Amino acid sequence: MEEERRQEQDHTDLDERPAAQSGPRGEAGEPEAPEPVETAEDMDMAEALAQHEREQAQKEGRPPQGGGAGGGREPRGGGGGGGGPTREHNRDRRQGGGGDQHRRDDRNRQGGGRDRDHNRGGQHGGDRRDRQQHQDRGQDRNQDRGQDRNQQQPPAGEEGWRGGDRRRAESHGRPPHGVERRRTIKREILANTSFEETRVAIMEDDRLVELLWERKSTLNIVGNIYTGVVENVLPGISSAFVNIGFEKNAYLYISDVLGDTRQPIDQILKKGQQIVVQVAKEAIGTKGMKVTMDVSIPGRFLVFTPYQNYVGVSKHIVDANERKRLSTIVDRLVKDVLGGRGVVVRTEAEGASEVDLEREVAYLAATWKEVEKKYETSQAPALLHKDLDLTMQVARDLLSEQVYVYLLDNKDAYNNVLDFIARISPELKERVRLYEAKTPIFTAFHLEHEIEKLRQTKVTLPSGGTIVVQEAESLCAIDVNTGRFTGNKSQEETVTMNNIEAAYEVAHQLRLRNIGGIVVIDFIDMKKASNRARVMEALADAVRRDRAKIRILPITRLGLIEMTRERKRESTVSLMTDGCPECHGSGRVLSAESVRIRIQREIFDLTQGRPGGQVRLMLPPALAEQFVEKQALIEKNVHRSVKIGADPMLKWEDYRIILE
């Protein structure tokens, strides 16, 4: 019982916050990083950022892109050929940019105040106007994104995939000075299946950005549905522990319980009660797995929620006509096929035909019927539904028109994925390819070296700076340093540019290493609020394409940013490595000097300080070399002659003292 209480306390970390509930026609699905809470300092930062954008625009001879913290980014272009905006897009942007410029000139003539040294009344008046215009521009960007979704990537060609001949992009998409331009990204998915594991690499512009693992020795149970038995109900911590057939009981928090959660949990659940749960997070470290009673079955276009009765549409579908069309179709299917049960429309459903949605609803309804049938005939604890394997999950969740190719090196996995895609999205079959070259796929695409580098804690930035990633069980600390980067302007500008570059690399490393929980980033101190705003925007922009839920808190005056990242599985480094037997996971061992002083103290205790005689020391080879250099000092301290020998079988801190 005490162990379960400790486990519950671990589960109440910041990354264990309950998910937001959607309304009857709510915004559902993949949430973006929310904007930080606005304080007086943040308003100053927004004003300063607007001033910085106008200065940059004047130097470059272009109209300013925006006046708030969200400005300065182009909407993503459509089409596979040039990756640039359409003519209509350019015309709309020019018209919008001109209007913004006139409004800013009018405000300047009225003396709205743009500097922190101006009076507070004028400053706050400018803040309110900037925030209103920022909202207007956000709506324009949403409309642009809705138009760009209709553009398609060209299908993958046959040439260039047999020998690992890569068509390299001209640029890795690294933005100058931290301002990333929204453009078409070349996405590739590479799957390597061996005897013991499956690895899936997600590439963007020929750069590894995400790595997924599945090993036969460690079952992937996230998404599986079980019938379990309630073992303990703890009203003091509003949680229960459920036996679903594993060594450790699963953890169930009250927010994941169906029913009136305003009541105490012991009024909803009873010990020995049989319930249906779904694994939401696998066991990580000493924590057990987390489960929920709000079961969901995902498809390509829809997520079926049998215990709910609402229909939600993804917030990323911004076109009002498309949202209305999907809602009309789904409402009819929910009523006719699903018996009024809930459904969430995913982003991939945008543009899907009515036939596609009908086919998927029929598949989801049949899957749930099988779950109900097993529940009636199974004795708890038992598995009711197993989620797809990794290669199939990737085909269901990630393969889209934005993916250039899905390349698999295993013929069985290739055939399974091809059959699956033929049923759910036949138009994407041409993007699934079989890799048949003799060179291993990850070697041909230079990924093995990138995977090995994940074990390093220090990451070098292109300009010479560094970040140091220190990962703990439920917290990750990241330190930013300038390293060899000296810049060519003022110290403030050098530090700011280094921090912006580090912000993009931090977002990349978090996604690549699958680091979740609480993340604290220690940026180099910046004096100006405008520069802190630039770093904050760079980080928010860098996490746009991360599929995990992310929350970023405002940057402090000391340059600290706190953020949380959703964690469903253990990190990549934890999966690849074990704790070091030499340092017991601390990452540090005794220095040669500390070992020498310890040995001298031990010899002195053994001989009681009596001089004469000889002492023989057996040490690890590396340590023996350093002791030879200090042999005279050792003999002087112990009052005896010392003979030093090397034994390769000894570990660093091991030694033998022989008195002769």
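Could you list, in sequence order, the residues of the range 183-228 that are among the β-branched types (Val, Ile, Thr), within 27 Å of Tyr253 (Cα to Cα) and open to solvent by 30 Å² or more (accessible area, probe 1.4 Å)? Talk me through it step by step, then tell me what you get.
So in the range 183-228, the residues among the β-branched types (Val, Ile, Thr) come out as 184-185, 189, 193, 198, 200, 202, 209, 218, 221-222, 225, 227.
Filter again for within 27 Å of Tyr253 (Cα to Cα), leaving 218, 221-222, 225, 227.
Within the range 183-228, Thr218 is the sole residue that qualifies.
So is Gly339 in a strand (DSSP E or B) and either open to solvent by 50 Å² or more (accessible area, probe 1.4 Å) or in contact (Cβ under 8 Å) with a residue 60 or more places away in the chain (or both) or not? No, not satisfied.
Part of a loop (DSSP other than H, G, I, E, B), over 30 Å from Ile202 (Cβ atoms) and among the aliphatic types (A, V, I, L, M): is that true of Leu558 in this structure?
Values: part of a loop (DSSP other than H, G, I, E, B): yes; over 30 Å from Ile202 (Cβ atoms): yes; among the aliphatic types (A, V, I, L, M): yes.
When the stated conditions are applied, Leu558 passes them.
Condition check ((1) loosely packed, with under 14 Cβ neighbours inside 10 Å; (2) touching a residue at least 12 places away in the same chain (Cβ under 8 Å)) across all residues:
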{"residue": "Ser591", "(1), (2)": "yes, no"}
{"residue": "Val595", "(1), (2)": "no, yes"}
{"residue": "Arg598", "(1), (2)": "yes, no"}
{"residue": "Ile603", "(1), (2)": "no, yes"}
{"residue": "Leu606", "(1), (2)": "yes, yes"}
{"residue": "Gly609", "(1), (2)": "yes, yes"}
{"residue": "Pro620", "(1), (2)": "no, yes"}
{"residue": "Gln631", "(1), (2)": "no, yes"}
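This table checks each residue for (1) without any contact (Cβ under 8 Å) to a residue 24 or more places away in the chain; (2) among the hydroxyl-bearing types (Ser, Thr, Tyr).
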{"position": "Phe195", "(1), (2)": "yes, no"}
{"position": "Thr198", "(1), (2)": "no, yes"}
{"position": "Ser239", "(1), (2)": "no, yes"}
{"position": "Val242", "(1), (2)": "no, no"}
{"position": "Phe246", "(1), (2)": "no, no"}
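Looking across the range 363-399 at every residue that is touching a Lys or Arg at 6+ places or on another chain (Cβ under 9 Å) and either outside any helix (DSSP H, G or I) or open to solvent by 50 Å² or more (accessible area, probe 1.4 Å) (or both), the one that is nearest to Ala413 (Cα to Cα) is identified as Leu388.
Starting from residues that are of a type in the set (D, E, K, R) and without any contact (Cβ under 8 Å) to a residue 24 or more places away in the chain, keep the ones in the range 633-652 and report whichever is surrounded by the most Cβ atoms within 10 Å (Cβ to Cβ). Looking at residues that are of a type in the set (D, E, K, R) and without any contact (Cβ under 8 Å) to a residue 24 or more places away in the chain, I get Glu635.
Using the structure shown, decide if Asp525 is open to solvent by 40 Å² or more (accessible area, probe 1.4 Å), among the acidic types (Asp, Glu) and in contact with a strand residue (DSSP E or B) (Cβ under 8 Å, 6 or more places away or on another chain). For Asp525, the condition - open to solvent by 40 Å² or more (accessible area, probe 1.4 Å), among the acidic types (Asp, Glu) and in contact with a strand residue (DSSP E or B) (Cβ under 8 Å, 6 or more places away or on another chain) - is not met.
Looking at the structure I just gave you, is Val295 part of a strand (DSSP E or B) and modelled with pLDDT of 90 or more? Don't jump to the end; show me each part of the working.
Values: part of a strand (DSSP E or B): no; modelled with pLDDT of 90 or more: yes.
Criteria not met by Val295.
To keep it simple, each residue is scored yes or no on (1) more than 24 Å from Thr460 (Cβ to Cβ); (2) surrounded by fewer than 22 Cβ atoms within 10 Å (Cβ to Cβ); (3) in contact (Cβ under 8 Å) with a residue 60 or more places away in the chain.
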site	(1), (2), (3)
Val519	no, no, no
Met536	no, no, yes
Ile561	no, no, no
Val573	no, yes, yes
Glu582	yes, yes, yes
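Of the numbered conditions (1) open to solvent by 30 Å² or more (accessible area, probe 1.4 Å); (2) more than 30 Å from Ile265 (Cα to Cα); (3) more than 18 Å from the chain's Cα centre (by Cα), Glu231 fails exactly one; give the number of that condition. Exception for Glu231: condition (2).
Within the range 486-506, the set of residues being of a type in the set (A, V, I, L, M, F, W, C) and open to solvent by less than 30 Å² (accessible area, probe 1.4 Å) comprises Val495, Ile500, Ala502, Ala503, Val506.
The values are calculated or read from the model by the stated rules, or taken from the named source; none is laboratory data. Quick caveat: nothing in here was measured; it's all calculated off a predicted structure. Cβ atoms come from the backbone with ideal geometry, glycine included; neighbour counts cover every protein chain shown. Heavy atoms of the whole protein, side chains included, go into the accessibility calculation; ligands, DNA and RNA do not. Shrake-Rupley method; radii C 1.70, N 1.55, O 1.52, S 1.80 Å.
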